[in-house]
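Participant: Mind having a look at this structure? Questions to follow.
Every read-out reported here was derived from the displayed coordinates using simple, explicitly stated rules and does not represent laboratory data. Keep in mind the model is a prediction, meaning the values are calculated, not measured. All Cβ positions, glycine included, derive from the backbone under ideal geometry; neighbour counts span all protein chains shown.
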Amino acid sequence: MVEKVWLVTGCSSGLGRKLIEAISKRGDKAVATARNISTIEDLKSSTVATVQLDITASQDELNQRAAEAVEAFGQVDVVVHNAGFMQMGTWEDLTPELVQAQFATNFFGPMNLNVSFALSAFCAAFRSFADFAHQRAILPHLRSRKTGTLVFVNSTSSWQHFAGVSAYGASKAALDRALDGLSREVGPAGIKTLSLDIGAFESSLILEHKAPSNAPPSEHNSQLMDMLKSYLPYVHANPVIEVEKLANLVVDLVRGEGVAEGREIPLRFPVGPDDLWKEWSNEGTKHIPAALPVGADALMYVKEVCQYNLRMVEQWEDVIKSADVKKPAA
């Protein structure tokens, strides 16, 4: 396979670091990023560059950092949106500022960075920041190349919310819905998207929950939050997913190797229900889903939600259809 250049956000620890290692072992190049660049300087090598990147920064700064990433190896083929944090607290205890901070990192950050990369990170011909800042002008060039993969490290919380971390779940669900539209918008240009709804794995995000600050719980929520805080270290110590295996899985999915050999990430832009049905009934086994649950716990949550929704619509079908426009009798 042709060598790829990856950009990975949130590489100071956990999955981000493991991804850089896995990418290098496959013979690809990578640009590792972190808010504090000193935490990733040890990753530097002839095939790994480092760039300071805070995904909550202004669009102008994101554009500049994206330009630096492209400059490192002349192009970027894969962008992995891995940076994120988990805000603890119930809805009634969280301040608007805390909720906004959660969405700024987990939702708006990746989507804003996409503006930088979906439009121009794949264009090696534009080297200077002056050219790069006017990236919207080169969208036709990117689309003419018909290439690129956007990977989003999402969470099973987009399927199954948990009390005490509702804002986190909401930010992940928002990202999931946005990607559903994004995949259809950029798919026809040959730009693929892959969202990974990942279950529990050993992560500092779980152990330290890396929030800028946490809201003190109301008296009636204190027991819930105490239980949650005592449970998170257990989840960290007893992960369902091995981080190293997860990192290798991501590389497999993008490169079409290992468990993904012979399959392709679909462009995911069926026009109507007939096309959607044909895609999955006839060729579903050949495709990697654009949104893929990862982990036994993720599988359980997705099955539970799907089974519940199916039962609900079947039981309430008469009510659901009760407001339909009545068609004249034939």
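Participant: Got a sec to turn the phi values of region 59-74 into Karplus ³J(HN,Hα) couplings, 6.51 cos²θ - 1.76 cosθ + 1.60 with θ = phi - 60°, whole Hz, x for Gly and Pro?
Facilitator: 4, 4, 5, 4, 4, 5, 5, 4, 4, 5, 5, 5, 4, 4, 10, x
Participant: Each residue of region 159-175 in turn: what ³J(HN,Hα) in whole Hz from Karplus with 6.51, -1.76, 1.60 and θ = phi - 60°, glycine and Pro shown as x?
Facilitator: 9, 10, 7, 10, 4, x, 9, 5, 5, 4, x, 5, 5, 6, 5, 4, 4
Participant: Please sort 183-192, 165-174 by packing, taking for each peptide the average over its residues of neighbouring beta carbons within 10 angstrom, highest first.
Facilitator: On the way: 183-192: 17.9, 165-174: 22.1.
Top of the packing list down: 165-174, 183-192.
Participant: With r defined as the distance between the Cβ atoms of LYS303 and SER45 and R0 fixed at 35 Å, what FRET efficiency is calculated, to the nearest 0.05? Each step should come with its number before you reach the end.
Facilitator: Working: r = 42 Å, r/R0 = 1.20.
E between LYS303 and SER45, to the nearest 0.05, is 0.25.
Participant: Also, quick follow-up: Residues of region 71-114 with the amide nitrogen closer than 20 Å to a label point 7 Å from the Cα of LEU224, along Cα-to-Cβ, please.
Facilitator: Flagged as within label range: 86-103.
Participant: Taking Rh as the Kirkwood radius, which is the inverse of the mean 1/r over Cα pairs, what is the Rg/Rh value for region 16-67? Don't jump to the answer; show the numbers that get you there.
Facilitator: Details: Rg = 11.6 Å, Rh = 11.6 Å.
My calculation puts Rg/Rh at 1.00.
Participant: So which of LYS4/LYS44; LYS146/LYS192; LYS29/LYS172 end up more than 19 Å apart by C-alpha? Working shown, then result.
Facilitator: Working: LYS4/LYS44 17 Å; LYS146/LYS192 9 Å; LYS29/LYS172 28 Å.
Long pairs (Cα-Cα over 19 Å): LYS29/LYS172.
Participant: For region 15-28, just list the computed ³J(HN,Hα) in residue order, Karplus coefficients 6.51, -1.76 and 1.60, θ = phi - 60°, integers in Hz, with x standing in for Gly and Pro.
Facilitator: With the stated coefficients, region 15-28 comes to 4, x, 5, 4, 5, 4, 5, 5, 4, 5, 5, 7, x, 8 Hz.
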